[in-house]
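Novice: This is the structure, below, for whatever I ask next.
Values in this text are rule-based calculations from the coordinates and carry no lab data. Worth saying up front: this structure is predicted, and the values here are computed from it rather than measured. Don't worry about glycine lacking a Cβ; one is built from the backbone with ideal geometry, like all the others, and counts go over all protein chains shown.
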Amino acid sequence: MVTAMVKRGGDFNPNNRGWEWLILDTDGKILQRGGDLFDNACNGCHEKNYAEDYVFTK
């Protein structure tokens, strides 16, 4: 499983600065996508980096 985020902008996920979250298999096939995956855990973790537009690396 691979997780990714894509900046959609516009009216998409306005409470979380337009980000869409994706879950992909190891071949790159999208398994799930949306603005609130993992019961909003993606937004909850990334919003800690609001000043960097939700972007961080581990």
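Novice: Would you work out the charge dipole size for the chain about its Cα centre, treating the Cβ of every Lys and Arg as +1 and the Cβ of every Asp and Glu as -1, and quote it to the nearest 20 debye?
Specialist: Charge dipole, the chain, about its Cα centre: 100 debye, nearest 20.
Novice: Which distance in nm do the two modelled labels at Asn15 and Tyr50 give, with both placed 7 Å along the Cα-to-Cβ direction?
Specialist: Calculated label separation equals 1.4 nm.
Novice: Using helices alone, what [θ] at 222 nm do you get for the chain, with -39,500 (n - 2.57) per DSSP H run of 4 or more residues, divided over all residues and rounded to the nearest 500? Let's see the in-between values first.
Specialist: Details: 1 runs with 10 residues, N = 58.
Helix contribution divided over all residues of the chain: -5000 deg cm²/dmol.
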